[in-house]
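Asker: The structure follows.
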Amino acid sequence: MIMEFPITPPIGDRVKRKETLRFVTGTGHYVDDLLPPGTLHAAFVRSSCAHARIKGVAVEAARAMPGVHAVFTGEDIAHQVKPLRVGGSSLLRQIKLYPLAVDKVRYYGEPLAVVVADNRYLAEDAVEAVSVDYSPLPVVIDPEAAMEPGAPIVHEDVGSNIVYKYHFATDGIDKVFQDADVVVRERIRSHRIAACPIEPRAYLAHYNKEEDSLTMWSATANPHSLRGRIGDILDFPEGKIRVIAPDVGGSFGVKIQTYQEELLLPYLSRELGRPIKWCETRVEHMRNGRHGRDQIHTIEMALKKDGTMLGIKDKIIADMGSTYTVDHSIMAAALYMTGVYQIQNYAVDAFGISTNKTTHGSLRGIGKADASYVLERLVDIAARELKLDPIDIRMKNFIPPEAFPYRNATGALYDSGQYQLALKRTAAMAGYEQRRKEQAELRKRGIYRGIGVALVMEPTSSSRIHATGGYASCRLRIDPSGAVTVFSSMGEQGQGHETTIAQIVASQTGIPFDKITVIHGDTLPTPYGFGTGSSRSSVVLMPSAWVAGKLMRDKILGIAARQLGVAPEKLEIGDGKVFVRENHQQSIAVMEIVRTAYGAIHLLPENMEPGLEVTGYFVNPNIDYAPDAKGRMNTFSSYPYAAVIAVVDVDVETGMIKIVKYATVHDCGNMINPQIVDTQQQGSIMQGIGAALYEELRYDEDGQLLTSTFMDYRLPSVEEVPELALEHIVTPNPFTPLGAKGAGETGMLGPPPALCNAVEDALSPLGVKIRETPLTPDRILNLIEQAQATSHHA
């Protein structure tokens, strides 16, 4: 059912962020700023092998070093704590995983011992004194090789490196391909990247023996889940555990999961009776933080000669690394390979594969980025084969606005969209027609200019049974002093929740925006929540704040109505008063209502609870928690998207790519704060440019990570920021009170397909075909050389 809700200012205003001042003045409060009296520091002994048996760990020399308080090995820990919860696949539930490796290491950098000392420097020195005796095992890095019979097995308890399978097919798919005029087949790979937030992981655990309680400070995106996992592994009452996520310097998905080190520190604190702190180095982050992307798609598209898309078949091989829990990247890619097009014939075989790489996990646009990249590349390849303009083939196949809500082939329910309008407006912003004319002239002068087109969709606000929550909540309280506080069930890592939640509550209650305090990221005062991931905050958290605000408004008006002797619907709130809409002189101060709610409860309306405290809940709409008989299901509730046109020049002598212009039109429904949306998009786009052109996690054949510093893993700088034209259209989500969709990830999805399409377009006179990223100068030069060699042999 489509609901209609009123939206009142200041929702939609470009309100300055409450958080900005403390960040730009250096007064933010991060885990690494904390140092309780008596804090000890941890450092980890990490595997120098990608795959090996642990024959022995000699720690005596380290234990004898000055300032060292303890050294624990995996064997020590395994007798003291329960195994970590694993899963995501019935196969992986057989694995027993502990905070430190016990019998075997499965990737380079896996923690296998920990040193606790007076400071980090002494701990790191002691790490060097620990000697590990390995029995090396064969290493498997290539996921396709890992699927072969006889390949080295990463998890012997599973018995295979294929740890996840998903199969789906619509009826009659083979006949669709048999009858098609054209079938385009390609093998396209998305490469492995890291999230690289400005703040790596950081943890501080403090066990209080007198209270038998534990406080954990963590740079986490999911405090409540972490509290539950700590309680589980230590067999410790969850109610005696407090997890606090102070200011968090970005996540981009990498901090939503729980890590081995994160669960070990509470144990160490309880054992040693002292606070224990560990802050990750950048090298450790590159080696141990969850990696993202890295899928191989062998994909086919059936079409008519006029460019009508008829069906897609895909085989996905996803490199999950040494995973002990299957993340949602495979399923997200498999469910959304038909993208924004009217394609109701679809089949997919998807496989999650274990290799001797760092564990795979969430990264901005998880799974959907792979799907958008592969699909938008395939659409361009099809347009080239059919000699169609890349805009025309898309316009011909887009889902039209009148078809929404639209059910795709796998059962996903798209809430709303205006894809044709978005791409048309982007083309106008980019000057597409003129650019095409200029391109022909520039080629005559030896300038290789290319124009790339893409329209990417980023399903947001996922919910899955026993995995991510299907609701969010906010508790709103006005204290007897008149102070207004909102307690949010979700934390934040830079999204601006303190600002947007205050905007929403102000709009409902009439309480001034700057008088509202938002508390988040602390499990003690806040309602239970499921963490900030999947851009779900604007879809479920913000509506819960809207519900809480409405409940508070109703309560305030109810008390005022009895005092003033009028019906609540005739009243308004403003300027610190509740007044009669037709007679502003007939009013009562809000503070008088507050005093009544707490101290004169005999004056409250009948059956009204005393005090001024309410909790708003909002349930994620349209979610299917189990597939139907044909395997179809909807696991996301909103579908933002962005049209992109990128213009590039490629230097065929150096392989360098210059982005001449990047134009995009974004639609995330109603924007609670357009300024925050703009900055989210700008940062996300740059992260996508980095993923397309520079960043790559590379391993050698022995499983050693070759890109563990920013000298080797290149990030874009301000020098690489292109001319960026960003606009929005607004197509509200009809299923939520605020009409908003997720806004934090779509920007990252656009650059990989748009830039690849642009570079291939630029180099098409040379016959260059692009099927892998990143588009580094070396890769571009190699592709040119290969294309020239092929043309010479033709």
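Asker: Heavy-atom accessible area per residue, segment 684-731, 1.4 Å probe: how many Å²? Mind dumping the intermediate values first?
Answerer: Working: 2280 Å² over 48 residues.
Averaged over the residues of segment 684-731, the accessible area is 47 Å².
Asker: Which pairs, out of LYS82/LYS368; LYS16/LYS741; LYS18/LYS555; LYS315/LYS387, put more than 32 Å between their alpha-carbon atoms? Please report the intermediate quantities before stating the final value.
Answerer: Working: LYS82/LYS368 34 Å; LYS16/LYS741 21 Å; LYS18/LYS555 27 Å; LYS315/LYS387 26 Å.
As for pairs spanning more than 32 Å Cα to Cα, those are LYS82/LYS368.
Asker: In segment 219-247, whose amide N lies under 19 Å from the spot 7 Å out along Cα-to-Cβ of HIS79? List them in ranges.
Answerer: Taking a point 7 Å out along Cα→Cβ of HIS79, the residues of segment 219-247 whose backbone N falls under 19 Å are 234-235.
Asker: Right, something else. Running Debye on segment 137-210 with equal point scatterers at the Cα sites and no solvent, what base-10 log of I(q)/I(0) appears at q = 0.11, 0.24, 0.25 Å⁻¹?
Answerer: Here log10 of I(q) over I(0) equals -0.69, -1.13, -1.16.
Asker: Distance in nm between label sites at GLU727 and GLN675, each 7 Å beyond Cα in the beta-carbon direction?
Answerer: Calculated label separation equals 2.3 nm.
Asker: Suppose we keep just the alpha-carbon trace of the chain; what are its Rg and Dmax in angstrom?
Answerer: When restricted to Cα atoms, the chain yields Rg and Dmax of 27.8, 95 Å.
Asker: Charges at C-beta only: +1 for Lys and Arg, -1 for Asp and Glu. How large is the resulting dipole of segment 87-211 about its Cα centre, in Debye rounded to 20? Please list the in-between numbers first.
Answerer: On the way: 13 positive and 20 negative charges, 48 e Å.
Charge dipole, segment 87-211, about its Cα centre: 240 debye, nearest 20.
Asker: ASP349 label point, 7 Å along Cα→Cβ, cut-off 18 Å on backbone N: hits in segment 173-199?
Answerer: Taking a point 7 Å out along Cα→Cβ of ASP349, the residues of segment 173-199 whose backbone N falls under 18 Å are 173-178, 185-188.
Asker: Here's something else I'd like to know. When the Kirkwood hydrodynamic radius is evaluated over all pairs of different C-alpha atoms of segment 480-632, what value in angstrom, to one decimal, is obtained? Please list the in-between numbers first.
Answerer: Details: mean 1/r = 0.0587 Å⁻¹.
For segment 480-632, inverting the mean 1/r across all distinct Cα pairs yields 17.0 Å.
Asker: What full-extension length gain, to one decimal in nm, is calculated for LEU21 and ASP778 as 0.36 nm per residue of separation minus the Cα-Cα distance? Kindly include the intermediate steps, with their values, before the conclusion.
Answerer: Working: separation 757, 0.36 × 757 = 272.52 nm, distance 4.25 nm.
This chain segment gains 268.3 nm when fully extended.
Asker: Can you list the residues, at least 5 places off or on another chain, whose amide H is less than 5 Å from the amide H of ASN634, using H built in the peptide plane?
Answerer: Amide H to amide H, under 5 Å and 5 or more residues apart or across chains, ASN634 pairs with ASP624.
Asker: Another question, if that's okay. In segment 253-360, how does Rg compare with the Kirkwood Rh, expressed as the Rg/Rh ratio over alpha carbon atoms?
Answerer: Values: Rg = 20.3 Å, Rh = 17.0 Å.
A ratio of 1.20.
Asker: Kindly state, to the nearest 0.05, the FRET efficiency for GLU238 paired with ILE519, given R0 = 22 Å and r defined as their beta-carbon distance.
Answerer: Values: r = 20 Å, r/R0 = 0.90.
Efficiency computed from Cβ-Cβ geometry: 0.65.
Asker: For segment 47-63 and segment 693-762, what is the separation of their Cα centres, given in Å?
Answerer: Measuring centre to centre over Cα atoms gives 38 Å.
Asker: Given points 7 Å out from each Cα along the Cα-Cβ axis, report the ASN607 to GLU719 separation in nanometres with one decimal.
Answerer: 7.0
Asker: Multiply the residue separation of TYR598 and LYS96 by 0.36 nm, subtract the distance between their alpha-carbon atoms, and state the gained length in nm to one decimal. Present the calculation step by step, with values, prior to reporting the outcome.
Answerer: On the way: separation 502, 0.36 × 502 = 180.72 nm, distance 5.31 nm.
That works out to 175.4 nm of additional length.
Asker: Could you pull out which residues in segment 404-439 have an amide N less than 18 Å from a spot 7 Å beyond the Cα of ALA629, following the Cα-Cβ vector?
Answerer: 410-411
Asker: Let me have the 222 nm mean residue ellipticity of the chain computed from DSSP H runs of 4+ only, each contributing -39500 (n - 2.57), with the sum over all residues rounded to the nearest 500.
Answerer: Values: 21 runs with 224 residues, N = 794.
Rounded to the nearest 500, the figure is -8500 deg cm²/dmol.
Asker: Quick query: amide H of VAL182 versus all other amide H atoms, modeled in the peptide plane; which residues come in under 5 Å with a sequence gap of 5 or more or a different chain?
Answerer: Amide H neighbours of VAL182: LEU303.
Asker: In Å², what does the accessible area per residue of segment 292-423 work out to with a 1.4 Å probe? Don't skip to the answer; put the middle values down first.
Answerer: On the way: 3010 Å² over 132 residues.
Here the residues of segment 292-423 average 23 Å² of exposed surface.
Asker: Taking the Cβ-Cβ separation of ASP33 and ASP174 as r and a Förster radius of 45 Å, what is the calculated FRET efficiency to the nearest 0.05?
Answerer: Values: r = 61 Å, r/R0 = 1.35.
About 0.15, to the nearest 0.05.
Asker: If you average the sequence gap of Cα pairs under 8 Å that are 6 or more apart and divide by the length of segment 134-281, what percent do you get for the contact order? Let's see the in-between values first.
Answerer: Working: 169 pairs, mean separation 34.7, N = 148.
23 percent.
Asker: Using only alpha carbon pairs under 8 Å that are at least six residues apart, calculate the relative contact order of segment 642-694 and give it in whole percent. Intermediate results must be reported in sequence, preceding the final value.
Answerer: Values: 37 pairs, mean separation 14.8, N = 53.
Rounded, it is 28 percent for segment 642-694.
Asker: Express the relative contact order of segment 636-794 as a whole percentage, based on alpha carbon pairs under 8 Å and six or more residues apart in sequence. Let's see the in-between values first.
Answerer: Details: 261 pairs, mean separation 55.0, N = 159.
Computed value for segment 636-794: 35 percent relative contact order.
Asker: Quick check: residue separation of VAL660 and GLU211 times 0.36 nm, minus the Cα distance between them. What number comes out in nm? Present the calculation step by step, with values, prior to reporting the outcome.
Answerer: Values: separation 449, 0.36 × 449 = 161.64 nm, distance 6.19 nm.
Taking VAL660 through GLU211 to full extension adds about 155.5 nm, to one decimal.
Asker: Further, regarding this structure: Can you give the longest stretch of the chain with no exposed loop site, where a site means trypsin sites (Lys or Arg not before Pro) in a DSSP loop (not H, G, I, E or B) with at most 10 other C-beta atoms within 10 Å?
Answerer: Working: sites that count: LYS209, LYS305, LYS387, ARG445.
Between the exposed loop sites, the longest stretch runs 446-794.
Asker: Same structure, new question: Segment 285-311 to segment 638-687: how many Å between their Cα centroids?
Answerer: 20
Asker: Would you work out what percent of the accessible area of the chain, with all protein chains in place, is carbon or sulfur (probe 1.4 Å)? Provide the component values of the computation, followed by the final result.
Answerer: Values: 15430 of 30160 Å².
Accessible surface attributable to carbon and sulfur in the chain totals 51 percent.
Asker: Next up: Relative to the compact globular guide of 2.2 N^0.38 Å, what is the alpha carbon radius of gyration of segment 370-419, as a ratio? Please report the intermediate quantities before stating the final value.
Answerer: Numbers: Rg = 12.4 Å, N = 50, 2.2 N^0.38 = 9.7 Å.
Normalised Rg, Cα atoms only: 1.28.
Asker: Okay, next question. Over segment 79-207, average the accessible area per residue using a 1.4 Å probe and give it in Å², no decimals. Intermediate values should be presented prior to the final figure.
Answerer: On the way: 5750 Å² over 129 residues.
In whole numbers, segment 79-207 has 45 Å² accessible per residue.
Asker: What would the Debye formula give as log10 I(q)/I(0) at q = 0.17 Å⁻¹ for the alpha-carbon point model of segment 92-153, no solvent?
Answerer: Cα-only, vacuum Debye calculation for segment 92-153: -0.79.
Asker: Separate question: Can you run phi through the Karplus equation (6.51, -1.76, 1.60; θ = phi - 60°) for segment 745-754 and list ³J(HN,Hα) in whole Hz, with x for Gly and Pro?
Answerer: 10, 4, x, 6, 6, x, x, x, x, 5
Asker: I've got another one for you. Count the net charge of all other residues whose Cβ sits under 11 Å from the Cβ of ALA146, scoring Lys and Arg as +1 and Asp and Glu as -1.
Answerer: Details: positive: LYS357; negative: ASP142, GLU144, GLU148, ASP319.
Spelling it out: positives minus negatives among the neighbours equals -3.
Asker: Now, a different point. Any idea how far apart ASP157 and LEU272 come out in nm if each label point goes 7 Å out from Cα toward Cβ?
Answerer: 2.8
Asker: Here is a follow-up. Out of every Cα pair in segment 497-548, what percent are spaced more than 15 Å from each other? Kindly include the intermediate steps, with their values, before the conclusion.
Answerer: On the way: 644 of 1326 pairs.
Looking at segment 497-548, the distances longer than 15 Å represent 49 percent of pairs.
The values are calculated or read from the model by the stated rules, or taken from the named source; none is laboratory data. Here the structure is a predicted model, which means the values were calculated and not measured. Backbone-built Cβ (ideal geometry, glycine too); neighbour counts: all protein chains shown. Side chains included, ligands, DNA and RNA excluded: accessible areas come from the protein's heavy atoms. Shrake-Rupley method; radii C 1.70, N 1.55, O 1.52, S 1.80 Å.
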